[in-house]
Amino acid sequence: MRILLVEDNTTYASLVAALLDEGGRARFDVVSATTLAEARDTLARVQVEAVVLDLQLPDSAGLSTLDEIVAVNPDVPVVVLTGNDDDEIAMAAVRHGAQDYLCKDGLSAESLRRAVNYGVARKDTINALAGGGGFLEGLVNAVSDGLAALQAVRDDHDAVVDFRCLLVNPAFTTLIGRKGVEIANLGPDVLADAMDWPDLVALLARVVSDKDTMTEERQIRRPDGQAPWVRISATPLRDGVALTLTDVTERRRQQQRVAAALEQAEAADSAKTRVLHAISHELRTPLNSIIGFAEVIQAQVFGALENPQYRSYVDDIVRSGHGMLEIINDLLDLRRLEEIASADKTYRHLIDLAPDLICVVRDHRIELMNDAGAAMLGVWPADSMVGRDIRQYVHADSRGIVEDVDALLVVERRRLPARLLDMRGRVIDVELAAVPYDPHGPGKSFMLVARDVSDRQRATEEIIQREERLSKIMDTMVEALVIIDTEGIIETFNAAAEKMFEYEAAEVLGQPVSILMPDDIGASHQDHVRTYVRTGRSRVMGMGREVEARRRDGTTFPVDLSLSDLKVGGRQLFIGMMRDITERKIAEQRLLFLATRNPLTGLPNRALFRDRLEAAIARADEAGGTLGILFVDLDHFKNINDTLGHPAGDRVLQMAGRRLQGHVRPGDTVSHQSGDEFTVILENVDGEEEVAEIAHRMLEDLSRPFEVDGREIYTSGSIGVVIYPQTRGGISNLLRNVDTAVNFAKKKGRNNYQFYSDRLSNDMVRRLQIETGLRRALERNELSMVYQVKVDLRTRAVVGAEALLRWHAADLGHVSPVEFVPVAEETGLVVPIGEWVFRAVCMQVRAWMDQGLPPVRVGVNLSARQFRDQRLAETIKGILEETGVQPDLLDLELTESMLVENADEAIEALWSLKNVGITLSIDDFGTGYSSLSYLKRFPIDALKIDRSFVTDIPSSEDDMAITQAIIRMASSLGLQLVAEGVETEAQVEFLRANGCQLGQGYLFSRPVDNAGMVSLLTQGLVPARPAGVMRV
């Protein structure tokens, strides 16, 4: 054990160190310091288990030395060494925080080691008790006397003007007849009113200022009409007062009855002695035995008292016995003191038998002291005290009482709290009373009676102090603490609870705990409490759970609640520990949101959509309802991202989601799957008509412009629809079918909705067959080329042709380009097929020239997928070189939409092709959307007027006007013109007259194979034919 020895006398310090090591089993490691400053520095740096301290040091003297050491480390026990045997200073040191004290004279190894070990053990015990909050609360509530702690309220001049109630125990509320919250709100005023004691606050203020005690017996007027008598004791407690209320009603009644009996006995002077002797010897002695035995039973030394009725009997015996004993003592030492004082020596034995201090004092000198008094003051024998000054045994705080006995004790005939000192300086708390003794003798004499109440006072103070510590601990807790009784009444409400519920403690103490709960929970709460009290069974006791709580303003919030019960003094209480979990709930909801919602639009994601679809199907099956399942795909959304950037695309997706939500009903679901794909669940629909109406409104809304950063962005939607249970199967089958429907809507030109049907499923099977067949078409040599000639409208000479791809599959037969070309484009097969087409056309042109036929320019259609191929120009150049065909004999036909999707890149790609030497044409001109500013920048050689403008010439004036405008524009740009779909001579005449150079159509020739093309090239001309005759 490491000891810090603080002693400026180095010789004496060496002696103390030697004594510590002398003959003891425990080893002591002594660290020395000679000044207070050195001791404080050592305590701050070195961990020690105890301090042995001399109060007289070079830089400090007296009790201030001890105060400085305790302030540095209050947890280290201190043993004080005093220079002389001054008990008063030694006891003062204990009051200032020392654990023990020793006199340097006669110091031995045994006494020194024992003092150090005792100091350490005593400090550990005190620290352990300081943390016993549950024990403390149980002890306070179990005390049968009423206990209250009042805190002084001071004005600006630091004068005590009122008191605030900090604590009352159940016995206090029972005696006053009011609830704890009423006492807390009214403070001492409730006592002043009940006792008709208007100057109570002033008297209590005097207790605080004078550090004195006060005891009175008063009658209380309770609200229930009863008027018990109580003894009220007030003791100073820090900046406040500790009040103790003891019910003396029964004692006073018994006192009155016994007094009446004694008065009858005293009618005969000869019987007086026998009555007093009987009371002292024959009544009090057996009564003490009865009380002692009852207290042993009450402490359950012989075993637990299971029957509550038996416990009640024992409690009554102890309480009544103490009341009777107090009455007897009062009769012996108060009521009869005057008679005893004036009687002869036959009464001496009554004084000797009294358990309290009884002494006769004349002019402050002791003339008589009984044995009990001598034992109380630590002096033996009692006769040795005769002649001593009584004031040397009275504490300085109480000497005023002894100095003015007549005014304070004799005249008012009441007990007063006082403090005595024994021979060692130990303070003894007593209740003091006095009567005149020999008024006719010399000087002033009186008989003094003192009853030792130290244990009771110490217990009260310790309880109050522990309660204060418990209160501070509760107020520093993070969790809210609420304690209720079996009736649901709030008894404890800590600071964290005040902050959480926004109530002051005084507002809720004594109120039902249901005010902290939502109405639906509070209504049934007390029933659960009664059930638990009756059965002892609960699913929530001792466990944590989440519940809703209610603040003062009525708002609710989630809390984590832990419940436990506590039995104290025969009462059952329930403790609730609560923590506000609002932030945790928000975080959980946020995590759930992120797990089930699309982060961009906040709409349900794919996982949540499937969950809701499963639930909707289950409800539909149970109720026989109908569901509409929609798949919404934004048309050409990729163009928005590519041209305006992803931030603009994200804004469009967010607005599109909100627009879709605007067309569904409560209970329906709009989900954002990914990218530009949304799904919708419509529950309890009447049929296809209602779903079709909703889908139509959605399409109209999606077609409206989206305004992003001041710019209008246009898109549209394609919607696939599945009706359940018309279309049955699992969720995967339904989603596959709705995907089929939306793909069909896209094929129908987009911006429309399509219902799923078995035919669509067949179409998907057909598409799969086409895709599978295309993948093997090249290796099976199933592809072939046909050609449709281009004719000079003035001379009718064959000047070129357009190459058209045909596919005859071994298992599918002839497959139209309308079917297989989109599939090839979607799957990317158009790239290898397109390369085969280029090679086949160039080889055919080379073969025609080898046959001696005139060179002819052949046009080949180019898909968007091919146009984006970075190797396109290089591939074409290689094929031309491989086949030996002049580049200008190859013409590539592109659509307007391919060029304007990204005009700058398109211009770069066109020039790379143009540099190879081939010619470029825009196919189906007028059906797409072109920017004339870009058109003049494109290295284009020809425009092909779409057949839709030619077909109705000359009957349609609009088509004629459009065609004339296209011809004039192309002529101004120096572009060659080719009219598609020419089928009549009238059309030829109109086109030729307006400046169109070339024509292509059934009027001249249908698409023909190699042999047919050889025949046309051999003829060189396509003659005119009569009206109505079409070339086959």
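The values are calculated or read from the model by the stated rules, or taken from the named source; none is laboratory data. The model shown is predicted, which means the values in this text are computed figures rather than measured ones. For neighbour counting, all protein chains shown are included, and Cβ atoms are generated from backbone atoms with ideal geometry for every residue, glycine included.
Scanning the range 792-807 for residues that are under 30 Å from L774 (Cβ atoms) and touching a residue at least 60 places away in the same chain (Cβ under 8 Å) yields G800, A801, E802, L804.
So is V815 closer than 26 Å to L998 by Cα and over 60 Å from the mean Cα position of the chain (by Cα) or not? Spell out the reasoning first.
Working: closer than 26 Å to L998 by Cα: no; over 60 Å from the mean Cα position of the chain (by Cα): yes.
No.
In the range 474-496, the residues that are within 16 Å of R579 (Cα to Cα) form Cβ pairs under 7 Å with partners that are of a type in the set (D, E), at six or more places apart or across chains, as follows: I483/E491; N494/D475; A495/D475; A496/E479. In the range 86-150, counting only helices (runs of 4 or more DSSP H) that sit wholly within it, the ones holding 1 or more residues that are at pLDDT below 75, out of contact with any helix residue (DSSP H, G or I) (no Cβ under 8 Å at 6 or more places or on another chain) and closer than 30 Å to D565 by Cα span 109-130, 133-142. Checked against the criterion of being surrounded by fewer than 16 Cβ atoms within 10 Å (Cβ to Cβ), out of contact with any His (no Cβ under 8 Å at 6 or more places or on another chain) and either in a helix (DSSP H, G or I) or not aromatic (F, W, Y) (or both), the candidates D162, D156 yield just one match: D156. Among the criteria (1) on the phi < 0 side of the Ramachandran plot; (2) of a type outside the set (V, I, T); (3) in contact with a strand residue (DSSP E or B) (Cβ under 9 Å, 6 or more places away or on another chain), the one R750 does not fulfil is (1). Of everything listed in (1) surrounded by fewer than 16 Cβ atoms within 10 Å (Cβ to Cβ); (2) touching a strand residue (DSSP E or B) at 6+ places or on another chain (Cβ under 6 Å); (3) closer than 18 Å to I490 by Cβ, the single unmet condition for S562 is (1).
Which ranges mark the strands (runs of 3 or more DSSP E) fully within the range 621-693 that have 1 or more residues being under 15 Å from T715 (Cα atoms)?
On the way: elements: 627-634, 669-674, 677-682.
By residue number, 627-634, 677-682.
Could you look through the range 385-399, keep only residues that are part of a helix (DSSP H, G or I) and touching an Asp or Glu at 6+ places or on another chain (Cβ under 9 Å), and pick out the one that is modelled with the lowest pLDDT? Among those residues, the one meeting the criterion is S398.
Restricting the search to helices (runs of 4 or more DSSP H) fully inside the range 445-525 and requiring at least 2 residues that are among the hydroxyl-bearing types (S, T, Y) gives 454-476. Screening the range 617-628 for residues that are surrounded by fewer than 13 Cβ atoms within 10 Å (Cβ to Cβ) and of a type in the set (G, A, S) and picking the one that is farthest from R728 (Cα to Cα) gives A623.
A873 - would you say it is under 28 Å from F637 (Cα atoms) and either in the same structural domain as T715 (by TED's automatic domain parsing) or in a helix (DSSP H, G or I) (or both)? Criteria not met by A873.
Anything in the range 739-783 that is among the acidic types (D, E) and either touching a Leu at 6+ places or on another chain (Cβ under 6 Å) or not in a helix (DSSP H, G or I) (or both)? List them, or say none.
Within the range 739-783, the first condition is being among the acidic types (D, E), and the residues that meet it are 739, 758, 763, 771, 779, 782.
Once the filter is applied, which keeps residues that are among the acidic types (D, E) and either touching a Leu at 6+ places or on another chain (Cβ under 6 Å) or not in a helix (DSSP H, G or I) (or both), the range 739-783 yields E779, E782.
Can you pull out every residue in the range 576-624 that is among the charged types (D, E, K, R), free of Cβ contacts under 8 Å to residues at least 40 places away in the same chain and under 30 Å from I484 (Cα atoms)? If the condition is that a residue be among the charged types (D, E, K, R), free of Cβ contacts under 8 Å to residues at least 40 places away in the same chain and under 30 Å from I484 (Cα atoms), then E583, R584, K585 are the ones that fit.
Of all residues in the range 897-909, those satisfying the criterion of being closer than 16 Å to L920 by Cβ and surrounded by fewer than 21 Cβ atoms within 10 Å (Cβ to Cβ) are S897, M898, V900, A903, E905, A906, I907, E908, A909.
Checking the condition modelled with pLDDT under 95, within 17 Å of G720 (Cβ to Cβ) and not small (G, A, S), which residue from L634, L644 passes?
Values: L644 fails: within 17 Å of G720 (Cβ to Cβ).
Answer to the check: L634.
Applying the criterion of being of a type in the set (S, T, N, Q) and surrounded by 13 or more Cβ atoms within 10 Å (Cβ to Cβ) to the residues of the range 707-749, the residue that is nearest to E690 (Cα to Cα) is Q726. Checking each residue in the range 582-616 for being surrounded by fewer than 16 Cβ atoms within 10 Å (Cβ to Cβ), among the aliphatic types (A, V, I, L, M) and not in a helix (DSSP H, G or I) picks out only L600.
Per-residue answers, yes or no, for (1) over 28 Å from L899 (Cβ atoms); (2) under 60 Å from the mean Cα position of the chain (by Cα); (3) modelled with pLDDT under 95:
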{"residue": "D811", "(1), (2), (3)": "yes, no, yes"}
{"residue": "E819", "(1), (2), (3)": "no, no, yes"}
{"residue": "I833", "(1), (2), (3)": "no, no, yes"}
{"residue": "M843", "(1), (2), (3)": "yes, no, no"}
{"residue": "L862", "(1), (2), (3)": "no, no, yes"}
{"residue": "D869", "(1), (2), (3)": "no, yes, yes"}
{"residue": "E874", "(1), (2), (3)": "no, no, yes"}
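Of all the listed residues (A623, A656, A587, A595), the sole one being modelled with pLDDT under 90 and more than 30 Å from H525 (Cβ to Cβ) is A595. Within the range 913-929, identify whether any single residue is out of contact with any helix residue (DSSP H, G or I) (no Cβ under 7 Å at 6 or more places or on another chain), farther than 17 Å from L872 by Cα and not hydrophobic (A, V, I, L, M, F, W, C), and answer yes or no. Scanning the range 913-929, I find at least one residue that is out of contact with any helix residue (DSSP H, G or I) (no Cβ under 7 Å at 6 or more places or on another chain), farther than 17 Å from L872 by Cα and not hydrophobic (A, V, I, L, M, F, W, C), so the answer is yes. In the range 784-791 there is no residue that is assigned to a helix (DSSP H, G or I), among the hydrophobic types (A, V, I, L, M, F, W, C), over 14 Å from R767 (Cα atoms) and in contact (Cβ under 8 Å) with a residue 24 or more places away in the chain. Does the range 888-908 include one or more residues that are in contact with a Lys or Arg (Cβ under 6 Å, 6 or more places away or on another chain) and part of a loop (DSSP other than H, G, I, E, B)? No, that holds for no residue.
For every residue, the table says whether it meets (1) at pLDDT below 90; (2) assigned to a helix (DSSP H, G or I); (3) under 16 Å from S111 (Cα atoms).
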| residue | (1), (2), (3) |
| --- | --- |
| D8 | yes, no, no |
| S14 | yes, yes, no |
| A17 | yes, yes, yes |
| G23 | yes, no, yes |
| A26 | yes, no, yes |
| V30 | yes, no, no |
| L43 | yes, yes, no |
| Q47 | yes, no, no |
